[in-house]
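Reviewing the structure listed below.
The values are calculated or read from the model by the stated rules, or taken from the named source; none is laboratory data. If you're wondering where the values come from, they're calculated on a predicted model, not measured in any experiment. Backbone-built Cβ (ideal geometry, glycine too); neighbour counts: all protein chains shown. SASA here: full protein model, heavy atoms, side chains in, ligands and nucleic acids out. Shrake-Rupley method; radii C 1.70, N 1.55, O 1.52, S 1.80 Å.
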Amino acid sequence: LLFALCLVVGLGVVAWRATVRFDSARAVARTEARATGASLELQLSEASTAAEVLGALARQGRAGLTNFQKVAKELLAAHPGLTTLDLEPGGVVSDIVPRAGYERVVGLNVLKDVGQRAGVNEAMARRVLTVTGPVTLYHGEPGIVATVPVFQRTLDGRESFWGFVAVSMRLKEALARAQLDQLPRRGYGFAFFAPTSNPQKTIAIASHGLSSFQDAVQEPVRVQNLDLRLALKPRGGWIDKTKVGIGRA
């Protein structure tokens, strides 16, 4: 009877210790996920911030943004993580910064472009800044695009659609600036992804050492309307069963 009582007490202590370690490990991981998620949001939001500035300036001028090159270059210098800044009157790219390497983009109708038409149509329908991603950018790299539909008020007080301004950002650069690669060095496997309408399917953006989302801590990463997710989990699991069993700290 005494042996059975000791066994029950011992198992209870082991279970309690395992619960404490599990809760502690998840709390630490949640803090890590929130810090990394906030860093990701900060980097990605640079695209929407620059797009808002361009949109505000384009709404002020009757002819759109006549000093686009100057303004766009200043924004690019202030936000070096950006990839391109586009001026799109009527939905057709009339100017782009930087120009070098993107000359062929001038003349592209984004309303007819397979990769962009869904995002620009949503922006025009909602009449607000819309962030789309992950999408394939002009040179084939994955990224996000922040699009602002520009409506100008006519002399009779009505609003007339003028076109778009858009800012793109490579995801690779944004993730590097957010130091996502530090998570494996801290002992975590992770996945950064875009959820879809099907919970069983996601759009992978970056991952390392995380094969399943089961039991993983997930943190939302939001930029305007764009909803992304960061999932992480210790590579060795939430608890070290050996340490729990022998009572090590």
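Compute the long axis of helix 2-60 from its Cα atoms, compare it with the longest principal axis of the Cα atoms of the chain, and write down the angle in degrees, 0 to 90, nearest 10.
Taking the Cα atoms of the chain, the angle to 2-60 is about 10 degrees.
Any number yet on Rg/Rh for the chain, C-alpha, Kirkwood?
Numbers: Rg = 24.4 Å, Rh = 20.7 Å.
Over the Cα atoms of the chain, Rg/Rh equals 1.18.
Between Ala206, Ala231, Ala174, which gets the highest mean-square fluctuation from a Gaussian network model of the chain, Cα cutoff 10 Å?
Maximum fluctuation in the GNM of the chain, among the listed residues, is at Ala206.
After finding the eigenvalues of the alpha carbon gyration tensor for the range 58-191, what semi-axes result from the square roots of 5 times each, listed largest first in whole Å? Please report the intermediate quantities before stating the final value.
Details: eigenvalues 183, 53, 41 Å².
They are 30, 16, 14 Å, listed from largest to smallest.
Mind checking which aspartates and glutamates have their Cα closer than 15 Å to the Cα of Lys112? Skip sequence neighbours fewer than 8 apart in that chain.
Straight-line reach from Lys112, under 15 Å: Glu88, Glu122.
Just to check I understand the Karplus step: with θ = phi - 60° and J = 6.51 cos²θ - 1.76 cosθ + 1.60, what whole-Hz values come out for the range 138-143, glycine and proline as x?
Couplings: 4, 9, x, 8, x, x Hz.
For the Cα atoms of the chain, what angle does the longest principal axis make with the long axis of helix 68-78, in degrees from 0 to 90, nearest 10?
So the helix axis and the longest Cα principal axis differ by about 20 degrees.
So with the 1.4 Å probe, I'd like the accessible area per residue for the chain, rounded to whole Å². Intermediate values should be presented prior to the final figure.
Details: 13450 Å² over 249 residues.
Solvent-accessible surface per residue comes out at 54 Å².
Taking Cα atoms, how many degrees apart are the long axis of helix 117-126 and the longest axis of the chain, rounded to 10 and kept between 0 and 90?
Around 80 degrees separate the two axes.
Considering just Cα atoms, how many Å³ per residue does the convex hull of the range 139-249 enclose? Could the numbers behind the result be given before it?
Working: hull volume 18.2 nm³, N = 111.
Measuring per residue, one finds 164 Å³ for the Cα hull of the range 139-249.
What whole-number distance in Å separates the alpha-carbon centres of the range 176-196 and the range 34-98?
27 Å
Going from the alpha-carbon gyration tensor of the range 194-234, what semi-axes, largest first and in whole Å, does one get by taking the root of 5 times each eigenvalue? If you can, show how the numbers build up before the last one.
Working: eigenvalues 63, 30, 18 Å².
Computed over the range 194-234, the values are 18, 12, 9 Å.
Need the list of aspartates and glutamates near Lys172 for cross-linking: C-alpha distance under 13 angstrom, and skip anything on the same chain fewer than eight residues off.
Straight-distance partners of Lys172: Glu141, Asp181.
Where nothing but the Cβ of Lys and Arg (+1) and of Asp and Glu (-1) is charged, how large is the charge dipole of the chain around its Cα centre, in debye to the nearest 20? Display every interim value, and only then the final one.
Numbers: 30 positive and 21 negative charges, 149 e Å.
For the chain, the charge dipole is close to 720 debye.
If we sort 143-152, 209-218 on the protection proxy, mean other Cβ atoms within 10 Å, highest first, what's the order? Please list the in-between numbers first.
Working: 143-152: 24.4, 209-218: 14.7.
Going from most to least packed, we get 143-152, 209-218.
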